[in-house]
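This report refers to the structure that appears directly beneath it.
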Amino acid sequence: MLLPRMKLARLFDRAFHAMADLHWTLLFALILVHALLTWGLVGLAGEAGLTPPAAFFYWYATTAYTVGYGDLSPQTDAGRLITALWVFPGAIAAFTTIVAKVLAAIGEVWRVRRSGKGDYSSMTASIVLIGYHPARTAKMVDELCADLARDQTLVLLTRQTIADPDPRIRYVQSETLTSTAALTRAGVPEASRVLIFTDSDADTLAATLAAAALAPPDAHLVCYFEDQDHARLIDQHCPEVEVILSAGPELVARACKDPGASQVISTLTSHLDDHATLFSLTWPDRPPRDFGDLARDLRERGATLLAIQPARETAPRFNPAMDRPVGRGDRLFYVAASRLDAVALAG
């Protein structure tokens, strides 16, 4: 006897909480019951024009949506009373409840994403920026967004809490940059590019190792270090990661020896100025072409071919032989006002 009472109590408890939260299942069940009872009542009232299923659904929906076209309406006194006392309160209340729940759900998604708790693991071909540098991250976002493909999304993973996130990015906040859960939420396992730039080399080293373990094999990882020892560790353990080492002292010395060199380098690395910029492209699965032939082709398109990085090599080659073939997987570096399409260039 005690067991059935416990089951009944549990059933009532679930029903009470469902009513309190007004779950979608319960809401649609109530709408269905109300619609069926309404259909039966209008049938008993003799409303022959409202009882066919298609006509009833149309009339019930326009009444609930408060549109009321007027082409279908009760013709008897009983039908009008049923509509006024039963249909209006029930159908309109159900419709407004659905609208309220939808708006609340949209607001909750917006709140979660704005607070850095969003999940972008289902995104593909995204660019994930790991880390936050107070003075440099905003400029990197500008540079990345200036040349962002239409099908790409920029996701920022950081420990910092950002009160007003940049609307151009998706923001993920985590206590640590090495958390597998946080890196997954940011979309690293499906990303096409991962950029690690934090406010300390130690954090960059740890985040790079964690991201390299999760990123897909064809993803391109880039990290930035101030110290050469940290960069050497990444070269040893993750040779596929492209390491950017601070070139401050070398650039100062070069500018001293060759005045204006720093301005040229700065211009070539920025998309934000109205000048030519350094780009690269990977030769697609097309017949090979000679380097010299491609150099002339690019020149006609307003671009200058600088170097080639052969497939499976890590260093570019400048001024190769003009008859050197450029084949599948080779990367070309060129200077142009805008990015060129590799497939269109290959013909």
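The values are calculated or read from the model by the stated rules, or taken from the named source; none is laboratory data. Just so we're clear, the structure is a prediction, and the values are computed from it rather than from any experiment. For neighbour counting, all protein chains shown are included, and Cβ atoms are generated from backbone atoms with ideal geometry for every residue, glycine included. Heavy atoms of the whole protein, side chains included, go into the accessibility calculation; ligands, DNA and RNA do not. Shrake-Rupley method; radii C 1.70, N 1.55, O 1.52, S 1.80 Å.
Please compute the modelled spin-label separation between D227 and V67, points set 7 Å along Cα→Cβ, answer in nm with one decimal.
It is 6.7 nm.
What number in nm² do you get for the range 81-179 if you take the convex hull of its Cα atoms and divide its surface by four?
9.4 nm²
Per residue of the range 53-58, in order, report the coupling 6.51 cos²θ - 1.76 cosθ + 1.60 (Karplus, θ = phi - 60°) as ³J(HN,Hα) in whole Hz, putting x for Gly and Pro.
x, 5, 5, 5, 4, 4
Assuming R0 = 51 Å, can you tell me the calculated FRET efficiency for the pair D199 and A54, based on Cβ-Cβ distance, to the nearest 0.05?
So the FRET efficiency works out to roughly 0.20.
Across every pair of different alpha-carbon atoms, what Kirkwood hydrodynamic radius in Å does the range 212-294 reach?
Over the range 212-294, the inverse of the mean reciprocal pair distance is 16.2 Å.
Can you say what percent of the DSSP beta bridges in the range 99-175, counting only those with both residues inside, are antiparallel? Round to 5.
DSSP beta bridges in the range 99-175 are roughly 10 percent antiparallel.
Under 17 Å from the Cα of K101, which aspartates and glutamates turn up, not counting those fewer than eight places away in the same chain?
The reachable aspartates and glutamates, counting only those whose Cα sits under 17 Å from K101, are D21.
Counting heavy atoms of the protein chains only and a 1.4 Å probe, report the per residue accessible area for the chain as a whole number of Å².
60 Å²
Show the residues, 5+ positions off or on another chain, whose built amide H is closer than 5 Å to the amide H of K117.
Those qualifying (amide H under 5 Å, at least 5 residues apart or on another chain) are Q173.
Quick one: of the DSSP bridges fully inside the chain, what percent are antiparallel, nearest 5?
Beta bridges within the chain, antiparallel portion: roughly 45 percent.
If you plug each phi of the range 179-187 into the Karplus form 6.51 cos²θ - 1.76 cosθ + 1.60 with θ = phi - 60°, what whole-Hz ³J(HN,Hα) values come out, in order, with x for Gly and Pro?
Result, rounded to whole Hz: 5, 4, 5, 5, 5, 5, 4, 6, x.
Once neighbouring chains are kept in place and the probe is 1.4 Å, which whole percent of the accessible area of the range 204-283 is contributed by carbon and sulfur?
Ligands and nucleic acids excluded, carbon and sulfur reach 57 percent.
At 7 Å along the Cα-to-beta-carbon direction for both A163 and D297, put a label point, then send me their distance in nm to one decimal.
5.4 nm
Which of V128, V188, V326 moves most in a GNM of the chain, Cα contacts under 10 Å?
V326
Going through the range 309-347, which trypsin sites (Lys or Arg not before Pro) have at most 14 other Cβ atoms within 10 Å and a DSSP loop state?
Within the range 309-347, the qualifying trypsin sites (Lys or Arg not before Pro) (loop, at most 14 other Cβ atoms within 10 Å) are R312, R328.
Please determine, in degrees from 0 to 90 and to the nearest 10, the orientation of helix 137-146 with respect to the longest principal axis defined by the Cα atoms of the chain, where the helix direction is its Cα long axis.
Between the helix axis and the principal axis of the chain, the angle is about 80 degrees.
Grab the Cα-Cα distance for H275 and E250, subtract it from 0.36 nm times how many residues apart they are, and report the gain in nm with one decimal.
6.6 nm
At 222 nm, what value in deg cm²/dmol follows for the chain if DSSP H runs of at least 4 each add -39500 (n - 2.57) and the sum is divided by all its residues, to the nearest 500?
So the calculated ellipticity at 222 nm is -14500 deg cm²/dmol.
Rounded to whole Å, give me the distance from the Cα center of the range 81-143 to that of the range 248-262.
A separation of 49 Å, based on Cα centres.
Using Cα pairs under 8 angstrom and six or more residues apart, how large is the relative contact order of the chain, in percent?
Over the chain, the number comes to 10 percent.
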